[in-house]
Amino acid sequence: MLKLPRTVRLTGVSYNNAQENIKQWGCKYIGTYELVREPYNPHDPNAIKVAVIGQVFLGYVPRQLASILAPMIDDAGRKFFAEFVSVNKHPYHNLVGLSVRIVEKVPAQ
C-alpha cells in the first residue's frame, strides 16, 4: 500500500545539468515540481523525472517508488507532483541533491 505524501531524495542528480538546475531551482519559493513519466527510458521503463516546467531536469523519483507510481500514472490516470522539502548539500564537495514530498493531485469537485 502506498502511503502519501512521501518524502524522498531524488536520484540521478549528477546527470543532465541537474547540479546546476538544483542550485538554481531547488528552493521553497518554487514550491512544486512536475513528475514526468519516461516510459522509454533505456535504464528503467518506470522512470519518473522531476522537473521544472516539464523541461528543467532535477533528478528522478527513486526506482522502487517509481515502480509503484508508474502504473498508477499510466494505467489509472492518477496525477502526482513533487513539493520542495530541502536541498541536500555534501559536506566536503560542491554537490547538491534535492528532497521532495510526492503528493497526489486531488481532482477538484
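The values are calculated or read from the model by the stated rules, or taken from the named source; none is laboratory data. Only a predicted model underlies this, so the values are computations on that prediction, with no experimental measurement involved. Positions of Cβ are backbone-derived with ideal geometry, glycine not excepted, and every protein chain shown enters the neighbour counts.
Among the residues of the range 1-29, how many are in contact with a strand residue (DSSP E or B) (Cβ under 6 Å, 6 or more places away or on another chain) and part of a loop (DSSP other than H, G, I, E, B)?
8
Return the pair list, or none, for Cβ contacts closer than 9 Å from residues in the range 2-24 that are closer than 16 Å to Ala47 by Cα to residues that are of a type in the set (Val, Ile, Thr) and in a loop (DSSP other than H, G, I, E, B), at least 6 apart or on different chains.
Correct list of pairs: Val8/Val61; Leu10/Val61; Thr11/Val61.
Does the range 26-43 contain any residue that is among the aromatic types (Phe, Trp, Tyr) and loosely packed, with under 12 Cβ neighbours inside 10 Å?
Within the range 26-43 (the criterion being among the aromatic types (Phe, Trp, Tyr) and loosely packed, with under 12 Cβ neighbours inside 10 Å), the answer is yes, since at least one residue qualifies.
Please count how many residues of the range 46-77 are in a loop (DSSP other than H, G, I, E, B) and either surrounded by 14 or more Cβ atoms within 10 Å (Cβ to Cβ) or touching a Gly at 6+ places or on another chain (Cβ under 8 Å) (or both).
Summing the residues that are in a loop (DSSP other than H, G, I, E, B) and either surrounded by 14 or more Cβ atoms within 10 Å (Cβ to Cβ) or touching a Gly at 6+ places or on another chain (Cβ under 8 Å) (or both) in the range 46-77 gives 4.
So which residues in the range 53-63 are modelled with pLDDT of 95 or more and either closer than 17 Å to Lys3 by Cβ or not aliphatic (A, V, I, L, M) (or both), if there are any at all?
Phe57, Gly59, Tyr60, Val61, Pro62, Arg63
Could you check how many residues of the range 84-109 are in a loop (DSSP other than H, G, I, E, B) and surrounded by 10 or more Cβ atoms within 10 Å (Cβ to Cβ)?
Residues meeting the conditions: 2.
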